[in-house]
Amino acid sequence: MRTPICDRFGLETPIFGFAHSVEAAAAISLCGGLGVYGATRDTPEEIGENLRRMRSLVGDRPYGVDLVLPKGMPERDDRDLIEQHIPAAHRRFVAGLEEKYSVPKPSGPG
């Protein structure tokens, strides 16, 4: 299937796939879609390292990066301070999804 989005992004198929795993995002790009590396949980250093890894895996194929920079983001990497800026409504939404789909609690940050 060829669509205008394929032409715009240089894709073989109009599929966008978001993943926190660099390898999974790269696989999507290697299959002709647009793999999007979810960097929302990573430190700036981890992001730089993962972007280098992503480029080495996909070569010249297109890929994306998902960043979330909330209002009031601290100048230095401080996960506790960042956590304080997450609105209560967002926390309730995620808690509802975790409960509805029996998502296990994380074993650590990120």
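The values are calculated or read from the model by the stated rules, or taken from the named source; none is laboratory data. None of these values were measured; they are calculated from a predicted model. Every residue, glycine among them, receives a Cβ derived from its backbone with ideal geometry; neighbour counts consider all protein chains shown. The accessibility values were calculated without ligands, DNA or RNA, using every heavy atom of the protein model including side chains. Shrake-Rupley method; radii C 1.70, N 1.55, O 1.52, S 1.80 Å.
Values as computed for the structure displayed
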read-out	value
Residues within the range 71-95 that are assigned to a helix (DSSP H, G or I), of a type in the set (D, E, K, R) and without any contact (Cβ under 8 Å) to a residue 24 or more places away in the chain, tallied	4
Breaking point among (1) modelled with pLDDT of 95 or more; (2) more than 12 Å from the chain's Cα centre (by Cα), for residue 45	(1)
Considering residues of the range 44-65 that are part of a helix (DSSP H, G or I) and small (Gly, Ala, Ser) only, the residue surrounded by the most Cβ atoms within 10 Å (Cβ to Cβ)	48
Criterion violated by residue 68 - all others in (1) part of a helix (DSSP H, G or I); (2) under 25 Å from residue 105 (Cα atoms) satisfied	(1)
Which listed residue is without any contact (Cβ under 8 Å) to a residue 60 or more places away in the chain and of a type in the set (Asp, Glu), from 42, 60	60
Within the range 66-110, tally of residues that are open to solvent by 100 Å² or more (accessible area, probe 1.4 Å), over 30 Å from residue 26 (Cα atoms) and not charged (D, E, K, R)	1
